[in-house]
Every structure is written in C-alpha cells, then in structure tokens.
1. Ignoring ligands, DNA and RNA, please state the percent of accessible area on segment 326-370 from carbon and sulfur, probe 1.4 Å.
2. Taking Cα pairs under 8 Å and at least six residues apart, what relative contact order does segment 209-315 come out at, in percent?
3. Obtain the nm distance between the two label points defined at Ser281 and Gln218 by a simple spin-label model: each point lies 7 Å from its Cα along the Cα-to-C-beta direction.
4. Under 19 Å Cα to Cα from Lys316, which lysines show up? Leave out anything in the same chain fewer than 8 places away.
5. Given the C-alpha centroids of segment 105-163 and segment 47-93, what is the distance between them in whole angstrom?
6. Which one of Gly167, Gly103, Ala142 has its Cα pushed farthest toward the positive end of the charge dipole of segment 91-180, where Lys and Arg give +1 and Asp and Glu give -1 at the Cβ?
7. What does the C-alpha gyration tensor say about the overall shape of segment 72-130? Classify as rounded when a/c is under 1.5, otherwise prolate if a/b is larger than b/c, or oblate.
8. From the cross-link list Lys47/Lys250; Lys162/Lys204; Lys75/Lys223; Lys204/Lys250; Lys162/Lys250; Lys75/Lys204, which pairs have alpha carbons spaced over 21 Å apart?
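The values are calculated or read from the model by the stated rules, or taken from the named source; none is laboratory data. Computed from a predicted model, the values in this text were never measured in an experiment. Note that each Cβ is placed from the backbone with ideal geometry, even for glycine, and that neighbours are counted across all protein chains shown. Calculation scope for accessible area: heavy atoms of the full protein, side chains included, ligands and nucleic acids excluded. Shrake-Rupley method; radii C 1.70, N 1.55, O 1.52, S 1.80 Å.
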Amino acid sequence: MLAAVLAGGIFAPAPALAEVRGTDQLLGTTVAERGLPAVACPNVTAKYAIVVGADGTVYFSRDADTQTHIASITKVMTAIVALDSGMPLDTTVTVSEAAGTVGESSAELAVGDKLSLQAALTGLMVPSGNDAAIAIAETVGATLAAEGQDPNEAFVAAMNAKAAELGMTSTLFSNPHGLDVGEFDNEMYSTARDVAVMCAYAMKNETFRAIVAMPTAQLTVTKPDGATHIIDLTSSDLLLDSYEGACGIKTGFTDTAGYAFAGACNRGEGDLYAIVLGTPSESARFEDTKALLNWVYDNRMTYALAHSPQTVSMDKDGAATEVPLIAEVPQTAWPDKCVKATLADPSATVEVFAPEGNVSQELVTRDLPGAVAAGDVVGTLNFYQGNQLIASQDLVATEDSPAPDLLQSIGFWWDRLWAGFGGTELVAEPVLVNETPLIYSKAATDQNIDDIRAIAAGEAPLSEGDSSSDDSKEE
C-alpha cells in the first residue's frame, strides 16, 4: 500500500506542488522499492533534480537524465571555456554592439566599455549578465576561430567540445548565455545529471569558485572616453550568506526552462551539488535546494559499532577497564565454555547514510583449541548496511581462559567421539550480545532525527524493538 501511495505522490508541508514520487531515486533505488516512510524522503517541486556528493555519490535523483532547457546555468560552461582557454585574466574585453544590446539579465555593460576578463567573468556569474556572456565569447572565441569562422560560433563549438570531454552526453549548447527565445530560439538542452558534472568540474577552478561565492561584487570598466566607472553587482543566488555552507553556483530562468538553480554547499566534508530544474517560482528553486541539501546533511550519521546492554571488566595495561560485552565465543578446547569478548576498539564508529537502510552485524568466530589470554583475537564482527560491508572489527578476549589439562582433554576427546556417533557436537554455541539500533522503521509514520542520531551514535539507550536481527557463524 505504501508503494502505491508513493507512486501517486505524497504531499507534506513544503512549497506549493512539492511532492515525494515513488519513482524518485535514493542512491539508485526508487522510493517505492525502498519502502521508506514519506517523511524520510525529499519533498520538492522540481521536474528534474539531482544531488551529488564530492565523491560522485548520487544521493537523490528525479528524472535526472531527461533533456530540458537550463537557461542561464549555461553560463557555467561559458566560464569553463574562458578559464580553460589559458587567456590571462587581465586580458581586455571590449563590449560590442551585440553584447551591449542583448537585453534580459545584465551586468549593466554598455557598448564600447572595456574591462578585464576576470571582471567580465564576475559580471557573467554574479548578476548573470548576458552582456558579459557575449563579450567573453567574442573575445575568447577570436583566439579559437579558424580563418573566416565567427568568434561566437567558435566559442559555442568549444563549449560543446568541452561538454563531450566531460562526458555530458545529453547536452547541446547553442549560445553562451542560455536565452532560448527570438533570435536565440535554437536547439539546446541538458540534464540535471550533466549539469552536476559540469558544476563539479567548474568548482575545481579557484577563480570560478571565488566568483560564484560572492553575494555582491564591483566591476571597474573603462568608458569609451577613458573615464573609469564602477558597477555594483548583486548575486542572483539568494542562498549565499543565508544558508550554512552555500558557495554558489548559478541561477537560471526562461519561460521554457522555468526557474532553475545549480547549487553548491560545503560544510567541511566536501562539496555537495544540488541541481533543480523546472521549478514553478524563484522561491521554489531555493526551497527545493535547501530541502535536498538538508535531507542529505540530516541523514549523514555517525554510527557507533558497540551497542551492548552489558559491560565486562577487562585487564588492560595492568588496569581493570569496563568495556562493552560484545559476544561470547566458544573455546573449542572445552565442550561447554565460552570466552567473553569485546571490540578491539570499543569506541569505533562508522559514517552511514540513513536511507541506505538499517545496519546488521555478522559474528565470525575463530577456532580456539588451546588457552586464551586477554587481548587475544577470538573472532570478527562485520557490519553491513544493505548488502554492503561498512565496517569490520576484531573481537578480543576480555579474560584469560586456560586450556584443559591432559586428563581433561582425553576425557573430552572420548566424550566427543561417542557424541559424534549420535550426531551431537560438544561445543558451546556462540552468543552475540551486541545490538544494532534501527535507523528507520518501515512502520514509522514520523521520525525524530535527533533521537535517531543520538541512538545511532551511542549517546542514548536502545529501547525494546529498536535493534535489527543479527547473524553469526564460525570460520
């Protein structure tokens, strides 16, 4: 029933038209297939969206490979081609008639103005200047054009060549600014996934990175009469200085594309890119971006490996220390004895992403045919999220346990011989004491993320029914 409801869209408090779709993908698996409660999923208005980590992990996607117009997000590629051209940033850019009269979003450049390439890039990215886009394309394109080729055409060809080089297989550019009406009504398209690839590449350039992080800027231009003029610019990125870690990148809007935004955020753990295309309003694109980023940050958790309801005293470095009792491992030299064990590092943690699923554990015991000393490795505890191994810890004995003497060994051998004829194995069963607290319960209708985080980190006690099932086996 949950899957059927999700497939039709679940509405929750969020911007108008925001929804959770059963076809939305969380780490490559649809919401419907995961069976997560709706409150555990991003709720956004965008027709197309993707969230990608610095390591390439795709946390969320919605129709991320569907081609659509991206409006002024095109300017990210314009900046890439200019910066990759090797042209010095102090190169003079002159504003032509075509650049100065293009209209729509503007850096307030006038025909005949002269400014540096770096200033032009600032006018391109901060206020989304179409005038700056054409001026850059004409200046850089002149160095790329073959004999008789139009500089603007050469520049656009370089944009498409760079897209192909980056693996943006579903992208086509037709101009340097992204306008798609009137004289600029030509075939052009990209996808949320390709935009994420493009943005990740652009953010590796420190000049680009510094420019898109500026909420305000100033341009110095030289007028045709030689006078110097200062232009004050305000970024169209409303998350700068208002959302923790926001560091760019680019807004976009046309009637065809709708409102779009390619956002980047960094809170010290690498860049996170949220691309939202085809949102219904200026505010919706930013609310969607925040919702997606919050969802990733809220679901990144520190998960403690030791969650035992019992402790045991262990002699360590000559001093008795209380450690969590993780398991009791059969000492196979005896028919009925187990050795108490703890993790080699009882304080060990692993970083998990909650929607990947609950954590399970697997006990693997070693054969212990002789004496055991405190600190000896007696087994391994493996931890999985889904089917993925996420951590592995040695189990060490917390106590000394002698081997049986010769007469006892002979007696046990004889007992086991006869027991074997009856199909009985005289070895104690392993006992797994450690627990793995649930991250999500499929029966839940609501989740308190702070409570989940506290339990997972070992900062709050487990209640009955809050842990998942475990397995154990011998090597």
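1. Exposed carbon and sulfur together represent 44 percent of the surface.
2. Relative contact order for segment 209-315 comes out at 16 percent.
3. 3.6
4. Lys340
5. 16
6. So the residue we want is Gly167.
7. Because a/c hits 1.5 or more and a/b fails to exceed b/c, segment 72-130 counts as oblate.
8. From Lys47/Lys250; Lys162/Lys204; Lys75/Lys223; Lys204/Lys250; Lys162/Lys250; Lys75/Lys204, over 21 Å: Lys75/Lys223.
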